[in-house]
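Take a look at the structure set out below.
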Amino acid sequence: MKQLLSLLVITTLTLISCSTEETITEQTDSNSKMLESFVVKRNADGNYVLTTNVQEGVGTIYYDNTVKNQVYLITDNNATRNSLNHNYNVINNQLSIEFVAENNTLQPKLSIVDNNTTNRTTDYGLLNTYSLTSNDDGTIQLNFEVKDGVDVSFGYNENENINDIYLIEDTNATDVSFSKNYATEADGTLRIDFIQSDDSSRESDTKKPRIIYDCPTC
């Protein structure tokens, strides 16, 4: 009888232990995927909009700063799976957005060099709008639109590991919408430069916007 009771106790403890381990594992996996995806878009007026897609049970807190804007991902049992939008201005030609998870897992960071958005008369050149979307496989989808009469070509600067997109005025160009999928470098970074020029001599190149995406674990 004692042996039977001992066996029952051991079995019960084993089941509880396994259940606890599974719960911890599920929580860890859930926390590591707090941020499902995001979209950063620059509108035609220069304003940036961040759309954050988080899991159910994850809340977001936005801390805006002229140097670094942070988006905190926290556990919130009352939060439902949702998409949230947050607007940003470019100040001192810089916009930095960093995701921070409460469990300290590495999250994406973005650094953008662009024209300030505080002056509504700013000319944003040949690029009309663009957006960056994070994909499930760790790649980044770039979608952008240019103004009428702009020729678009793609290149890669091997010395600096930068993906170049050349925009040159060309009255014969007809396409205005473009899309390209990018894989990150081995260190998890991705750099994209829009290089704008008003003539084929390329003497008046303007490298804006310039984008640096960084996510070592993505």
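Nothing in this text is a laboratory measurement; each read-out follows from the coordinates by a stated rule. Please read all numbers here as calculations on a predicted model, not as lab measurements. Using ideal geometry, Cβ is built from the backbone for each residue, glycine included, and neighbour counts are taken over all protein chains shown.
Between residue 86 and residue 198, the contour length at 0.36 nm per residue exceeds the Cα-Cα span by 37.0 nm.
In this rough spin-label picture, where each label sits 7 Å from Cα along the Cβ direction, the residue 156-residue 100 distance is 3.5 nm. With a Förster radius of 35 Å applied to the beta-carbon distance between residue 77 and residue 187, the computed FRET efficiency rounds to 0.45.
What the Cβ-Cβ distance of residue 115 and residue 145 gives, at R0 = 22 Å and to the nearest 0.05, is a FRET efficiency of 0.80. Normalised radius of gyration (Cα atoms, divided by 2.2 N^0.38 Å) for the range 33-214: 1.08. For residue 49 and residue 36, the difference between the fully extended length at 0.36 nm per residue and the C-alpha to C-alpha distance is 3.0 nm.
The distance linking the range 36-66 with the range 107-167 is 17 Å (Cα centroid to Cα centroid, whole angstrom). Could you count how many Lys pairs in the range 33-214 have their Cα atoms under 26 Å apart, skipping same-chain pairs fewer than 8 positions apart? Summing the qualifying lysine pairs gives 21.
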